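Reviewing the structure listed below.
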Amino acid sequence: MNSSIDETVEQLEADFAMFDSWEEKYEYVMDLGRNLNWPDHLEQREDLLIQGCQSKVWLDHEMQENKIIFYAASEALIVKGLVAMLLNIYSNRSPEEILRLQPDFLDRIGLSQHLSPTRSNGLHSMLATIKRIALAYYTG
Amino acid sequence: MNSSIDETVEQLEADFAMFDSWEEKYEYVMDLGRNLNWPDHLEQREDLLIQGCQSKVWLDHEMQENKIIFYAASEALIVKGLVAMLLNIYSNRSPEEILRLQPDFLDRIGLSQHLSPTRSNGLHSMLATIKRIALAYYTG
Amino acid sequence: MSQLNPIAAPFTTAPVDWNAIRADFPLIAGHDLIYFDNAASSQKPKVLLEAMENMVTTSYANVHRGVHRLSQQATDQYEAARKTVAKFINAADEAEVVFTGGTTDSINTLAFSFGEAHIQPGDEILLSGMEHHANIVPWQLMAERKGAHIKVIPVLENGSLDLEALDALMGPKTKLLSLVWVSNSLGTVNPIPYLIQKAHAYGIPVMVDAAQAAPHMPIDVQAIDCDFLAFSAHKMCGPTGLGVLYGKRHLFEPLPPYRGGGDMIDRVRFEKTTFQGLPFRFEAGTPHILGAVAFASVLSYLSNIGMQQIEARERQLSNSFRQQLQLNFPEVNAIGTAADSVSVVSFLVQGRHPMDVGVLLDNQNIAVRTGHHCCQPLMERFGIPGTVRASLAFYNTEEEIERFFVALRKTIQLLR
Amino acid sequence: MSQLNPIAAPFTTAPVDWNAIRADFPLIAGHDLIYFDNAASSQKPKVLLEAMENMVTTSYANVHRGVHRLSQQATDQYEAARKTVAKFINAADEAEVVFTGGTTDSINTLAFSFGEAHIQPGDEILLSGMEHHANIVPWQLMAERKGAHIKVIPVLENGSLDLEALDALMGPKTKLLSLVWVSNSLGTVNPIPYLIQKAHAYGIPVMVDAAQAAPHMPIDVQAIDCDFLAFSAHKMCGPTGLGVLYGKRHLFEPLPPYRGGGDMIDRVRFEKTTFQGLPFRFEAGTPHILGAVAFASVLSYLSNIGMQQIEARERQLSNSFRQQLQLNFPEVNAIGTAADSVSVVSFLVQGRHPMDVGVLLDNQNIAVRTGHHCCQPLMERFGIPGTVRASLAFYNTEEEIERFFVALRKTIQLLR
Ligand SMILES: Cc1ncc(COP(=O)(O)O)c(C=O)c1O
Ligand SMILES: Cc1ncc(COP(=O)(O)O)c(C=O)c1O
C-alpha cells in the first residue's frame, strides 16, 4: 500500500531538510532521475510531448480504479529527477488528492525555481497538465 | 547700388548687437516680416513649396545679369521675417557670392536655432535650396 | 471623475499633496520652465531612473531563455511588469498584454496581423476624422495591400464625433472600428463605451487608441469591453521605446504574427515554422526589458497617487485653463469645445499663425506645441494650418496657468 | 585584430586597464558572479544610467515637432546620437542610420519593405544554415506572402560556411543574401567582405546581421560594402528596446515604409498619404529617445576604449578559453571550431544534456546559456539538442576563466 500524498510530500520535505549543500540536493534529484523508467512509446508520440525551450518532457497517463497513473520521460538528468519526484507525488492518486495538494512544497524544498512558469523546461507545463487531467476526471 | 553681401551681413550683425532683449530682436524680425512682399504666383505653385512641418515656405528665383533674384513667401510672421532677412542677404547676388558666405552669422545674431535642420519650419531647406540653385549656376 | 469608467477602483480619500509630487520630477522641480507639452510626452519621475538603476545594478540579463539565476530574476521582473500593466488596465489575463515599441508600433502590429487574418478586397475599416496619424496610416497601408477601404466618422464643429452618422457607416463590410479615446489635438473624450456597444451590436470588433486616455484616467478594458487597446509608456511618465497592445485572447491569439524572430517561435525549420501563443507570439526578439520593468515602477507610482485623483486634477486644471482663456481672451478661438474633455486645450489667436505664438511663448519659458499635432485630416476639416496646444499633467499648477496667461497677453501684444 | 576590417581607425597604443574597466559595470563589479552570457545580452556601464539621468533631469521632451527649446534640445541630442552611430559604423550619411527596436525589428522592417518592393513569386532569398531565428522567420513570413523561396548556404562540420556551394545557390532569381556576420551559437566569424563581393558579382544585395559582430569588432559598412546591416544596442552595453538598421541610401530610401504613423509622413489625407525620405520614413511614431541618447554615450565609452582593443581582448579571452577546454577536458566536444571566431565558445559534455551542465554551473555562480540559442536549424544540422555556450566580453578576465574550469570539472564529476 502506498503512503498518502501528504505523507509522501512530508517525507520529501524531511529528506530535503537533511541536505546541507546544494550538491547533496542535486545528487539526490539526479539519482531519482537515473532511476526513472518509462514505456518505450512515450518518446515516439509527438502528442505526448510537452515542449519546453530548454528540454523536452513527455507525459502519458491511464486510469486504474479511480487512480491516475502517470508516465513521464525527459532528456535532461535534473529534469528527469524532478519529473520522477513529481510522479512519486502525483501518480497513482485519485483526482481529488491531486487537486487538493498545494504545490507550495516546492518552495519549501527549495526547487521551485525549476517549476516557475518562466522557466521553459517543461516542468511547469507538466504540472499544469497533471492538474488539467485530474480536473477532467474529477468533473467527469 | 546694393551694398556687398559682406557689408549686408555686417550691418545685420551690428543691428542685432544693439538689442538688449529678446523682445526687441523679435520685433525687428517681425517688422521685416510685415514688409515682405511676394509675387502672387508663389503660393499657387506646389513645385515652389518647401514643406516644413510647422510652416510653409515658397521660393522662386530668376537670373538677371549674373545675379540671382530670389522671391519667397511664408505663412508665419516670424518665419516671414527670417525669410526677408535671408533675402536681404542672398537675393540679387552672384552665385559666387552666395557660395562664399559662411552661414555662421546666424549664430552670431542668436537666431541660428530657427535654421537648424531639426527645426521643421522650412528655413533650413530654404537656405539649402538657395545654395543648390547658386551651385547649379556656378558649375553651369 | 469621468462617467465613462463606471467600474473604477475605489476612490482614495486622502488628499494628494500635489506640490510634493512636483518634487518627484527632476526636470519640473529644477527648472523655471512651464511644461505644457505633456500630450507630446510627459516628464519622468525619479522612480523611473531608480528602477532602471536597480535592475542594471542587481539583476540585468536577457529574459526567457536562461537557466541561470540572473536571467531568471530578469524574467521574473519582466513578467511581473506585464502583470502590473494587466492590473492597471484590468485585463482578464496578463497574457493579453503584449509589450511593443509604442502606440504606433501597437497599431501597426494589429493592422498587419488583423489584415492578414481577416481583410478581403472590398472590406472596410472604420476610423474617425479626429485620429492621430498613427491610427490612420497603418490602416491605409494595410487597406492598400488588401484592396480594402477606409471609412471615416465625421467630426462636428465642436470637435466631437457625429454619432448620428454611425449607423450609416457600419455594415457587414465593416471589419473593425479603430478609434481614439481622447483626442490629442482637441482633448475631446469620446464616448467609448457607447461606441463599442454600438459596434458590437453590428458584430464589429473595436480597437481603442488610448495613447491620450491611459495617462489621464482609470482604464478598465473589461468594463468598456474593447477588443484591442493601445497606448505608450512615454506619455504617462514612463520610458520611451515601450508601448502596450492589449487584445482579448480569443480575438488576439489566432492572429498571425507581425514580427518573426526569437522567443515568438515554437519550432523553426527552413521548411515550416510554428509559433507560440500569447503574449510571446507578438514579442519577437529581445524585448525592452529595462523599459518594461521601469514602467511597472511608474505605474505603481501613478496608482499610488490614484488615477481618479489624477483625472480629477487634470480635468480641473484644463477646465480652469479653458474658462480663463474664453473669459479673458476674446481674440482667441478655442478649437474643440466638446462637453467632455481632459488635459488638452487647443486654440488659435485670430489672424495669427500658431507657430508665431509658440515661438514667442517659448521665449518666455513656456513649452506648448504648435502645428497639426499629427492630425492633418482634422486640421483640414477645420480649415486651419494647426493650433497652439497646451496639454496639462497632474504636476502642473494653477500658478503656472496664471503665468501662462500673462505670457500669452504679452505674445498677443507683440504680434499686433 | 580581424583581417576582415581593412579600413579601421588608427590603432590606439595606450594599454587598456581592464580591471579599471570592470569597475564601470555595477553588476559585474558588485557581484561574485561570473557572467559568461554576453551573447544573450551584455551588462551595462554607469555611463548608460548617467546619460539617461542627464536627459531626464535637464532636457527631456518629444523630438522633431516642437518649437520650444526643450523639444529642440531633445531633438538635437537624438539626432546627434544618430550621427554617433553613423560614425561608429562609418556610414557615408547619417540619414542611412535608422533607429529600430532591435536587430529583430530591423530585419523584420527590411524583410517587409524589401519584399513589398522587390519580391515576385518564385524569387529566392539566400540565407545560411547558421542563422539566428531573427534572420530566418521574417524572411519566411515574407516569402510565404509573396510566393518566394528560402535557399540556404550549408554549414560545414567545423561550423563554417560551405563557400564552395555559393555559386550553385546564387542566380538571377536570388534577390537578396541575408547573412550573419558572427554566429551567436558558434562564434564563427564569416568572411563577410568576401561573401558580399561574391554576391555583388551576381548583382545580389547583401544584408548583414551584425548583432554579434558590432559588440566585438570595428564595423565599417563602407569598407565591407554591405547594402544593409542590423544590430542591437543591448548586446553592446547599450539600452534595451533599441536597434539600428543601416542601408545604402539608393537602395533603402525607395523602399515602402514598414510602419505608418507620426513623423514618417509628408502629408496625410484619407485619400492619399505621402511619406518622408530617410531616416524618418522608417521611424514612425515617437522613437526611443532616451535609449538613442544613452546609446550614443555608450558608443563613445566603447570608442574610448577602442573597438580594436576590445576585439583583441575578446579574441584572446575566447581563444584561451577554447584552448584550455580542448587541452584539459577530453570528455568535452567543442561545437564550432572554425579558424576565425570571437567571444563565443559552444560545447557539449559527452553524454550529458546541456541543461544539466548549465544548472550545475549556475549553482556555482556561473551564468552560461544552454539550449538551441535561437538556432534550431543549426542544432538539427549537428544533430544535437543544444549546446552549453560561454560568451565572453572585454570585462571578463582570465581568472574568471580559471574559476569556470574548476566549476566545470566539479559539474562533470557530479554528472558522472
Ligand atoms: C546573430 C543574432 N541575430 C539576431 C539576434 C536578435 O537580436 P534581438 O533579440 O536583440 O532582436 C541575436 C540575438 O539574440 C543574434 O545573436
Ligand atoms: C492619440 C494618439 N495616438 C497615437 C499616438 C502615437 O504615439 P507614439 O508616438 O508614442 O507611438 C499619439 C502620440 O503622439 C497620440 O496622441
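The values are calculated or read from the model by the stated rules, or taken from the named source; none is laboratory data. Predicted, not measured: the structure shown is a model, and the values here were computed from it. Using ideal geometry, Cβ is built from the backbone for each residue, glycine included, and neighbour counts are taken over all protein chains shown.
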**Report entry** Positions within the stretch B:54-74 being surrounded by fewer than 20 Cβ atoms within 10 Å (Cβ to Cβ) and either within 14 Å of chain C (Cβ to nearest Cβ) or at positive phi (or both), in sequence order
**Finding:** B:Lys56, B:Glu65, B:Asn66
Query - Selected residue [of a type in the set (A, V, I, L, M), at pLDDT 95 or above and buried (at least 21 other Cβ atoms within 10 Å of the Cβ)] from D:Ala312, D:Ala367, D:Ala334, D:Ala407 - result: D:Ala367
Requested in this report: Identify, from the list D:Ser343, D:Ser318, the residue that is outside the structural domain of D:Asn90 (by TED's automatic domain parsing), under 30 Å from D:Ile219 (Cα atoms), out of contact with any His (no Cβ under 9 Å at 6 or more places or on another chain) and crowded, with 20+ Cβ neighbours inside 10 Å.
Outcome: D:Ser318
Query raised in the report: Yes or no: C:Glu50 in contact (Cβ under 8 Å) with a residue 40 or more places away in the chain and surrounded by fewer than 23 Cβ atoms within 10 Å (Cβ to Cβ)?
Result: yes
Query raised in the report: Among the residues of the stretch C:36-69, which ones are within 7 Å of chain D (Cβ to nearest Cβ) and over 19 Å from C:Ala292 (Cβ atoms)?
Result: C:Asp37, C:Ala40, C:Gln43, C:Val67, C:His68, C:Arg69
Report summary line: Every listed condition ((1) in contact with a Ser or Thr (Cβ under 8 Å, 6 or more places away or on another chain); (2) over 30 Å from D:Gln350 (Cβ atoms); (3) modelled with pLDDT of 90 or more) holds for A:Lys80 save (2)
Report task. Tell me which residues, restricted to the stretch C:245-267, are in contact with a Pro (Cβ under 8 Å, 6 or more places away or on another chain), at pLDDT 95 or above and more than 7 Å from chain D (Cβ to nearest Cβ). Result -> C:Leu251
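Scan the stretch A:45-79 residue by residue and report those that are more than 23 Å from D:Pro385 (Cβ to Cβ) and part of a strand (DSSP E or B).
Answer for the stretch A:45-79, where residues must be more than 23 Å from D:Pro385 (Cβ to Cβ) and part of a strand (DSSP E or B): A:His61, A:Glu62, A:Met63, A:Gln64, A:Lys67, A:Ile68, A:Ile69, A:Phe70.
Yes/no matrix, rows are residues, columns are (1) out of contact with any helix residue (DSSP H, G or I) (no Cβ under 6 Å at 6 or more places or on another chain); (2) assigned to a loop (DSSP other than H, G, I, E, B):
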residue	(1), (2)
D:Gly238	no, yes
D:His250	yes, no
D:Pro254	yes, yes
D:Arg259	no, yes
D:Gly262	no, yes
D:Arg269	yes, yes
D:Leu278	no, yes
D:Ala284	no, yes
D:Ala292	no, no
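Please indicate, with yes or no, whether at least one residue in the stretch C:207-221 is at pLDDT 95 or above, part of a helix (DSSP H, G or I), assigned by TED's automatic domain parsing to the domain that holds C:Tyr78 and more than 16 Å from ligand 1 (Cβ to nearest atom).
Yes, the stretch C:207-221 contains a residue that is at pLDDT 95 or above, part of a helix (DSSP H, G or I), assigned by TED's automatic domain parsing to the domain that holds C:Tyr78 and more than 16 Å from ligand 1 (Cβ to nearest atom).
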Report summary line: In the stretch C:222-236, anything under 26 Å from C:His250 (Cα atoms) and not in a strand (DSSP E or B) is listed as C:Gln222, C:Ala223, C:Ile224, C:Asp225, C:Cys226, C:Asp227, C:Ala233
Report summary line: Checked the stretch C:101-127 for anything within 11 Å of ligand 2 (Cβ to nearest atom) and either more than 8 Å from chain D (Cβ to nearest Cβ) or surrounded by fewer than 21 Cβ atoms within 10 Å (Cβ to Cβ) (or both); matches are C:Ser106
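Being under 17 Å from C:Leu302 (Cβ atoms) and assigned to a helix (DSSP H, G or I) is the filter here; which residues of the stretch C:27-51 pass it?
Correct list: C:Ile28, C:Lys46, C:Val47, C:Leu48, C:Leu49, C:Glu50, C:Ala51.
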Query raised in the report: Tell me, which residue of the stretch D:344-400 that is among the β-branched types (Val, Ile, Thr) and within 16 Å of ligand 1 (Cβ to nearest atom) is farthest from C:Met264 (Cα to Cα)?
Result: D:Val345
Query raised in the report: What pairs come up if the first residue lies in the stretch C:306-335 and is small (Gly, Ala, Ser), the second is surrounded by 18 or more Cβ atoms within 10 Å (Cβ to Cβ), and their beta carbons are under 6 Å apart, counting only those six or more places apart or on different chains?
Result: C:Ser318/C:Ser343; C:Ser318/C:Val345; C:Ser318/C:Leu392; C:Ala334/C:Phe347
Query raised in the report: Pick from the stretch C:85-100 the residues that are crowded, with 20+ Cβ neighbours inside 10 Å and not aliphatic (A, V, I, L, M): which of them is farthest from ligand 1 (Cβ to nearest atom)?
Result: C:Phe88
Requested in this report: Sort through C:Thr370, C:Thr387, C:Thr397, C:Thr337 and tell me the only one that's more than 14 Å from chain B (Cβ to nearest Cβ) and more than 30 Å from C:Pro15 (Cβ to Cβ).
Outcome: C:Thr337
Query raised in the report: Quick one: which of D:Asn158, D:Asn190, D:Asn184 is within 23 Å of C:Glu283 (Cα to Cα) and either within 16 Å of ligand 2 (Cβ to nearest atom) or assigned by TED's automatic domain parsing to the domain that holds D:Pro215 (or both)?
Result: D:Asn184
Query raised in the report: Name the pairs: first residue in the stretch D:142-157 and part of a strand (DSSP E or B), second residue of a type in the set (Lys, Arg), Cβ to Cβ under 6 Å, at least 6 apart or on different chains?
Result: D:Val155/D:Arg381
Requested in this report: Please give the number of the condition D:Leu126 fails out of (1) under 21 Å from D:His234 (Cβ atoms); (2) in a strand (DSSP E or B).
Outcome: (1)
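Residue by residue, here is whether (1) in contact (Cβ under 8 Å) with a residue 60 or more places away in the chain; (2) buried (at least 21 other Cβ atoms within 10 Å of the Cβ); (3) within 8 Å of chain D (Cβ to nearest Cβ) holds:
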position: C:Asp227; (1), (2), (3): no, yes, no
position: C:Ser232; (1), (2), (3): yes, yes, yes
position: C:Pro239; (1), (2), (3): yes, yes, yes
position: C:Gly243; (1), (2), (3): yes, yes, no
position: C:Arg269; (1), (2), (3): no, no, yes
position: C:Lys272; (1), (2), (3): no, no, no
position: C:Gln276; (1), (2), (3): no, no, no
position: C:Ala284; (1), (2), (3): no, yes, yes
Report task. Identify the single condition in (1) over 24 Å from the mean Cα position of the chain (by Cα); (2) buried (at least 22 other Cβ atoms within 10 Å of the Cβ) that D:His31 does not satisfy, given that it satisfies every other one. Result -> (2)
**Report entry** Residues being more than 23 Å from C:His216 (Cβ to Cβ) and touching a helix residue (DSSP H, G or I) at 6+ places or on another chain (Cβ under 6 Å) - total across the stretch C:363-403
**Finding:** 2
Query raised in the report: Filtering the stretch B:47-73 down to residues that are farther than 15 Å from B:Ser125 by Cβ and not basic (Lys, Arg), which residue is nearest to the chain's Cα centre (by Cα)?
Result: B:Tyr71
Report summary line: Residue pairs qualifying under the 8 Å Cβ cut-off, at least six apart or on distinct chains, with the first in the stretch D:98-111 being under 13 Å from D:Ser178 (Cβ atoms) and the second being of a type in the set (Phe, Trp, Tyr) and assigned to a loop (DSSP other than H, G, I, E, B), are D:Asn108/C:Tyr258; D:Asn108/D:Tyr258; D:Thr109/D:Tyr258
Requested in this report: Would you check if there is a residue in the stretch C:268-277 being more than 30 Å from C:Ala393 (Cα to Cα), in contact with a Ser or Thr (Cβ under 7 Å, 6 or more places away or on another chain) and within 16 Å of ligand 1 (Cβ to nearest atom)?
Outcome: no
Query raised in the report: Residue check: is C:Ala168 of a type in the set (A, V, I, L, M), in the same structural domain as C:Met264 (by TED's automatic domain parsing) and touching a Pro at 6+ places or on another chain (Cβ under 7 Å)?
Result: no
